[in-house]
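Heads up, the thing below is written out as structure tokens.
Values quoted throughout were computed directly from the atomic coordinates according to the rules given, and no laboratory measurement underlies them. Everything numeric in this text was worked out from a predicted model, so none of it was measured. Neighbour counts run over all protein chains shown; Cβ positions are idealised from the backbone, glycine included.
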Amino acid sequence: MFFKLPCLYYVFDSFANIRPMEKPSSIVVLTGAGISAESGIETFRAADGLWANHPVDEVATPEGFARNPQLVYEFYNQRREQVLSDDINPNAAHTALAKFEHEFEGNFLLVTQNIDNLHERAGSRNVLHMHGELLKMRCLNSQMVFDIRESLNFDTQCQCCRSPGNLRPHVVWFGEMPFHMNQINMALEACDIFVAIGTSGNVYPASSFYQTAKIRRAHTVELNLEETGSSFDAHVYGQATEVVPRYFEGLLT
Ligand code: APR
């Protein structure tokens, strides 16, 4: 079944999905906690999610860190330990995105709000972590970024200052500016398709990406477990490990 929208022809395929018939030349994908849920990492806003059990103000704001750095270190140390454990591995959705990046001939940018390393472990190469990375820490004086796999605490000696107490997790807290925004906005304004996967759309600016992509009339698609209320052109509901491989395989054919 075909119908015409202002700039592109669309087709309903057998996956009850809508995709452009012409080959897209530029795709931006945004992922959120939902893509890592089936790998065993809690999402933030589920009933038993991270923010139900940890006060956001205390563990994810600059003010909370200034008040009680040890509590913040411990929160991210637990997250880091979990991500590095043998139990946590990339799932079929991460793998499908990595495969797509390798096989797609146009421009492809993967932006993630996730601070885990599962996209990289699945084989993705071009990943922008807009909310930072668990396996990195940053010097408060020089802003230099270092890898970290162990626990970080107030006694950890900074590799550049050689003094303790100067390091923080390299994650973006509430009230801070996400990373890579210029590059992300440029890609959004130039893309043909924007796909958001496993994100509730509660946090700005990621929640407004589909509107930025619309500036050049990109086709916008949401792949999520449930309805989020955002006005994408198309919605595909289901577990990420099912809907992501099918959607991206469909784009390659
Ligand atoms: N498959 C697909 N989607 C899923 C799955 C799954 N298996 N499990 C959960 N989801 C969906 C949920 O329905 C929800 O819409 O993933 C979304 C997760 O939403 P949040 O917990 O709000 O996570 P996210 O959108 O990534 O949060 C954004 O908030 O606190 C900050 O910095 C944190 O990066 C995070 C940001």
- Query: Could you give the length gained on full extension between Met181 and Leu140, defined as 0.36 nm per residue of separation minus the Cα-Cα distance, in nm?
  - Reply: 12.7 nm
- Message: Per residue of the range 41-52, what does 6.51 cos²θ - 1.76 cosθ + 1.60 with θ = phi - 60° give for ³J(HN,Hα)? Whole Hz please, x for Gly and Pro, Karplus curve as stated.
- Response: 9, 4, 7, 8, 10, 5, 4, 10, x, 4, 6, 7
- Message: Using only the alpha-carbon atoms of the range 114-253 as identical scatterers, what base-10 log of I(q)/I(0) does the Debye formula give at q = 0.13, 0.16, 0.17 Å⁻¹?
- Response: -0.70, -0.95, -1.03
- Item | At 1.306 mPa s and 10 °C, Stokes diffusion of the range 42-114 via Kirkwood alpha-carbon radius, µm² per second | 106
- Relative contact order of the range 34-188 (C-alpha contacts under 8 Å, at least 6 apart) in percent is 21
- Note on the structure: Which residues qualify? For Leu225, with a placed amide H closer than 5 Å and at least 5 residues away or on another chain, they are Gly198, Gly238
- Could you go through the range 55-65 in sequence order and give the Karplus-derived ³J(HN,Hα) for each residue, using 6.51 cos²θ - 1.76 cosθ + 1.60 with θ = phi - 60°, rounded to whole Hz, and x for Gly and Pro? x, 4, 4, 8, 10, 9, 9, x, 5, x, 5
- Task: Go through the range 245-252 residue by residue and turn each phi into a ³J(HN,Hα) via Karplus (6.51, -1.76, 1.60, θ = phi - 60°); whole Hz please, and just put x for glycine and proline.
- Result: x, 5, 5, 6, 4, x, 5, 7
- Task: Name all residues of the range 32-48 having a backbone nitrogen under 20 Å from the label point set 7 Å from the Cα of Asn89 along its Cα→Cβ direction, giving them as ranges.
- Result: 35-42
- Message: Along each principal axis of its Cα atoms, how long is the range 178-253 end to end? Whole angstroms, biggest number first, please.
- Response: 32, 30, 22
- Note on the structure: the range 90-169: antiparallel bridges as % of DSSP beta bridges, rounded to 5, reads 70
- Query: Given the chain, what whole percent of its Cα pairs are spread farther than 25 Å?
  - Reply: 44
- Message: For Val195, what residues show an amide H to amide H distance below 5 Å, using hydrogens built from the backbone and excluding near sequence neighbours?
- Response: Val28, Val29, Leu30, Val221
- Query: What residues have an amide H closer than 5 Å to that of Ser25, excluding those fewer than 5 places away on the same chain, when H is modeled at 1.01 Å from N in the peptide plane?
  - Reply: Asp192
- Message: Please report the net charge: other residues with Cβ closer than 12 Å to the Cβ of Leu118, K and R +1, D and E -1.
- Response: -3
- Using 7 Å Cα-to-Cβ label points, what is the Thr253/Glu105 separation (nm, one decimal)? 1.9
- Which FRET efficiency value, to the nearest 0.05, is calculated for Ser231 and Glu189 with the Förster distance at 30 angstrom and r the Cβ-Cβ distance? 0.95
